[in-house]
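Trainee: What follows is a single structure, and I will ask about it in a moment.
The values are calculated or read from the model by the stated rules, or taken from the named source; none is laboratory data. Remember, it's a predicted structure, so these values are computed and weren't measured experimentally. Glycine also receives a Cβ, built like all others from the backbone with ideal geometry; neighbour counts cover every protein chain displayed. For the accessible areas, the whole protein counts, side chains as well, though only heavy atoms, and no ligand, DNA or RNA atoms are used. Shrake-Rupley method; radii C 1.70, N 1.55, O 1.52, S 1.80 Å.
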Amino acid sequence: MTTVRIGNGYDVHRLEKGLRLVLCGVDIPHDRGCVAHSDGDVAIHALCDALLGAASLGDIGRHFPDTDGKYENIASGILLERVCGMLSENGYAVGNVDIVIVAQRPKVAPYIEDMRRNLSETMGIPVSSVSVKATTTERLGFTGREEGIAAYAVALIDNIR
């Protein structure tokens, strides 16, 4: 019997001048980047939480704490690979994922197909099973003031045992 499960995730990081901006594993040209212990990829962090939540495996902070030096500056794609490994070990496979990136700037649309391909390859699922969207908050709130970037993710997983 196949059991389908769903999880959601959310992450936010403050933006600071002079830092690298990475979203869905893709370098985005911008004058600011995310302040974080890892590479600060808010989209992958939200996705990891969605996948872990769907499998009832806790959250990204439980598995990859920012107090552990071995995760300092780590590429978030590596964390996503490890999360997918945890899912597999627990008898789950990723069905599809949907991510929303919330940022006033930079414009993300030109990079979405690269993001989808990167996530598809990292998770080992078809690109048709990966959705990435972007929106602004019409200059409202911390994202509208360009103080930070937020991301939401939803993931569907299947029990394959």
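Trainee: If the reach is capped at under 23 angstrom between alpha carbons, list the lysines near Lys17, excluding any in the same chain fewer than eight residues apart.
Mentor: Candidates past the 8-residue exclusion: Lys107.
Trainee: Turning to a different aspect of this structure: Given points 7 Å out from each Cα along the Cα-Cβ axis, report the Arg5 to Glu72 separation in nanometres with one decimal.
Mentor: 3.4
Trainee: So, counting K/R as plus one and D/E as minus one, what does the shell of residues with Cβ under 15 Å around Arg32 add up to?
Mentor: -1
Trainee: Please label the shape of the range 45-140 as rounded, prolate or oblate, based on the square roots a ≥ b ≥ c of the eigenvalues of the alpha-carbon gyration tensor (a/c under 1.5 means rounded; beyond that, a/b larger than b/c means prolate, else oblate).
Mentor: In terms of gyration-tensor shape, oblate.
Trainee: Turning to a different aspect of this structure: Grab the other residues whose beta carbon is less than 13 angstrom from that of Glu147, score K and R as +1, D and E as -1, and report the net.
Mentor: With Lys, Arg at +1 and Asp, Glu at -1, the neighbours total +4.
Trainee: Could you look at the chain and say what percent of its accessible area is carbon and sulfur, using a 1.4 Å probe and all protein chains?
Mentor: Summing carbon and sulfur atoms, their accessible area is 50 percent of the total for the chain.
Trainee: Can you tell me how much longer the chain between Ser128 and His37 gets when fully stretched, taken as 0.36 nm per residue apart minus their C-alpha distance, in nm with one decimal?
Mentor: Additional length available on full extension: 29.6 nm.
Trainee: Leaving out ligands and nucleic acids, and using a 1.4 Å probe, what accessible area per residue does the range 14-136 come to in Å²?
Mentor: 44
Trainee: 7 Å from Cα along Cα→Cβ at both Glu89 and Arg62: what's the point-to-point distance in nm?
Mentor: 1.3
Trainee: Using every alpha carbon pair in the chain, what percent of pairs falls into each 10 Å bin from 0 up to the bin containing the largest distance?
Mentor: 12, 43, 34, 11, 1, 0
Trainee: Once both axes come from the Cα atoms, what is the angle between helix 42-54 and the longest principal axis of the chain, in degrees from 0 to 90, rounded to 10?
Mentor: The two axes meet at around 20 degrees.
Trainee: Follow-up question, since we're still on this one. Net charge around Gly18, counting only other residues with Cβ within less than 10 Å of its Cβ (Lys, Arg = +1; Asp, Glu = -1)?
Mentor: Once positives and negatives cancel, what remains is +1.
Trainee: Counting only DSSP beta bridges with both residues in the range 1-135, what percent are antiparallel, rounded to the nearest 5?
Mentor: 45
Trainee: Can I ask one more? Could you work out how far helix 76-89 tilts from the main Cα principal axis of the chain, as a 0 to 90 degree angle to the nearest 10?
Mentor: Approximately 10 degrees, to the nearest 10.
Trainee: Within the range 1-105, report the GluC sites (Glu not before Pro) that DSSP leaves as loop and that have at most 12 other Cβ atoms within 10 Å.
Mentor: When the GluC sites (Glu not before Pro) of the range 1-105 are filtered for loop state and at most 12 Cβ neighbours within 10 Å, Glu72 remain.
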